[in-house]
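> Next up is a structure, given as structure tokens.
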Amino acid sequence: MLKVLFAVSLASASFAVGHSVTHASTKDTALYAFESATHNSVALWWQTSTDKQGPDGWVSINHGEPVWKDSYDKEIESGRFDGVRWRLGQNYWTVLDTNVNLTFGETEVAANGYYVVLERTEEGDFRAFLLDQAQIRTTGLIASDAAKTTGGIEIPLEHEVVETKAENLTIGFSAREDDNETVDWTIHFGPHKLTANFRRSN
């Protein structure tokens, strides 16, 4: 039975299939990735049968698109924000929504809706925190209150500085050519790229 993994970048208000289509497949898995002109939302879904209408599972992320400024590097390296949670994105919360359980390394993430915030530790390591939306709503906190949040599911992030700058915050999902079961989650802002990978839990 064919297992299909789709990743689609969406326009803010529509499921607009964009300007390019890529395809990769192995014996059991195929990946179709569609890119659109706007990158403020990305969705990925699994489909185990081409005869079935609709996906068997999906995960999406929606985020604001702040513009990178080179002055941000000085702010990051100053240490002022180490150990403090940051808003990821702009204006409203960045939202990760999944209707299937996910596994990030040893960390299990249950199907749910999550607000996503970032933190750099005093040792210089980056990590994301997935905050239960329902719990945050009871506190009255908004996205600019990210530093006041506590708890959540911790996701370690690999950090690298790359030559190609992202002028706006870009978040995406991609499957690996040699392992389409593993999905890479990438956060790219300016020259900074943060990555983690996950799999759909059985």
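The values are calculated or read from the model by the stated rules, or taken from the named source; none is laboratory data. Remember, predicted model here, so these are calculated numbers, not experimental data. Cβ coordinates were reconstructed from backbone atoms using ideal geometry, including for glycine residues, and neighbour counts include every protein chain displayed. Keep in mind that these areas ignore ligands, DNA and RNA; they rest on the heavy atoms of the full protein, side chains included. Shrake-Rupley method; radii C 1.70, N 1.55, O 1.52, S 1.80 Å.
> Specify the inter-centroid distance of segment 142-188 and segment 62-88, based on alpha-carbon positions, in whole Å.
So the separation of the two Cα centres works out to 14 Å.
> HN-Hα J couplings of segment 132-138 from phi, Karplus 6.51/-1.76/1.60, θ = phi - 60°, integer Hz, Gly and Pro as x?
Computed from phi, the couplings for segment 132-138 are 4, 4, 4, 5, 5, 4, 5 Hz.
> Once the other residues with Cβ under 14 Å from the Cβ of THR139 are scored (Lys, Arg +1; Asp, Glu -1), what is the net sum?
Its environment carries a net charge of +1.
> Can you give the extra length, in nm with one decimal, that the chain gains between VAL67 and THR138 once fully stretched, where that is 0.36 nm per residue apart less the Cα-Cα distance?
Between VAL67 and THR138, full extension yields an extra 22.5 nm.
> Excluding ligands, DNA and RNA, what is the solvent-accessible area per residue of segment 59-202 at a probe of 1.4 Å, expressed in Å²?
Normalised by residue count, the accessible surface of segment 59-202 is 52 Å².
> Would you mind telling me the share, in percent, of accessible area of segment 86-187 contributed by carbon and sulfur at probe 1.4 angstrom?
The C+S portion of the solvent-accessible surface of segment 86-187 is 43 percent.
> From the protein chains alone at 1.4 Å, what is the descending order of accessible area for LYS165, LYS193, largest first?
LYS165, LYS193
> Restricting the calculation to Cα positions, tell me the Rg (one decimal) and the Dmax (whole number) of segment 83-202 in Å.
14.4, 44
> When we measure straight from the Cα of LYS74, which aspartates and glutamates land under 13 angstrom away, once same-chain ones fewer than 8 places off are left out?
ASP82
> While we're on this one: Sticking with the crude label model, points 7 Å out along Cα→Cβ, report the distance from GLU123 to GLU77 in nm, one decimal please.
According to this spin-label approximation, the distance is 2.2 nm.
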